[in-house]
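Peer 1: Dropping a structure here in structure tokens format, bear with me for questions.
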Amino acid sequence: MEVNDALVQQLATLSRLEFSPEESTAIQQDLQRMITFVEKLSTLDTTGVAPLLHMTEDANVLREDKVVPSISRETALQNAPAANDQYFKVPKVIKK
């Protein structure tokens, strides 16, 4: 696959980026090197090689889901700059 100016321009449009002519040339060369590398990898014989699904042998390492004590609502609201009996008060951010 050949990377040309039209492809670089199309990718720039899709990603909403703007490139100077020098940057466009550099990106074109970088993309061409990446594609050449991937094409080179596709020539390797991978028969008998198991796919790598995880980087380690560990799978689904999750902590036990259990209830742990936490602070009370009153304690949490004591540190709030503005609060009522039950909630933190925050400035309005959505204007109608």
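The values are calculated or read from the model by the stated rules, or taken from the named source; none is laboratory data. Source: prediction; values computed, not measured. Glycine gets a Cβ as well: all are built from the backbone with ideal geometry, and neighbour counts include every protein chain shown.
Peer 1: With the condition kept exactly as written, say whether any residue in the stretch 77-88 is in a helix (DSSP H, G or I) and without any contact (Cβ under 8 Å) to a residue 60 or more places away in the chain.
Peer 2: From the stretch 77-88, those in a helix (DSSP H, G or I) are 77-78; that's our starting set.
Then drop every residue that is not without any contact (Cβ under 8 Å) to a residue 60 or more places away in the chain, which leaves 77-78.
The answer is yes; a qualifying residue exists.
Peer 1: Against the definition (outside any loop (DSSP other than H, G, I, E, B) and surrounded by 10 or more Cβ atoms within 10 Å (Cβ to Cβ)), how does Leu17 come out, yes or no?
Peer 2: Judged against the criteria, Leu17 is not a match.
Peer 1: Moving on to the next point. Of the residues that sit in the stretch 25-60 and are surrounded by 10 or more Cβ atoms within 10 Å (Cβ to Cβ) and either at pLDDT below 90 or among the acidic types (Asp, Glu) (or both), which one is nearest to Gln10 (Cα to Cα)?
Peer 2: Asp30
Peer 1: Another question about this same structure. Applying the selection to the stretch 30-53, what residues are closer than 24 Å to Glu2 by Cβ and free of Cβ contacts under 8 Å to residues at least 12 places away in the same chain? If you could, list the steps in order and put the result at the bottom.
Peer 2: Residues of the stretch 30-53 closer than 24 Å to Glu2 by Cβ: 30-44.
Within the stretch 30-53, Asp30, Arg33, Met34, Thr36, Phe37, Val38, Lys40, Leu41, Ser42, Thr43, Leu44 qualify.
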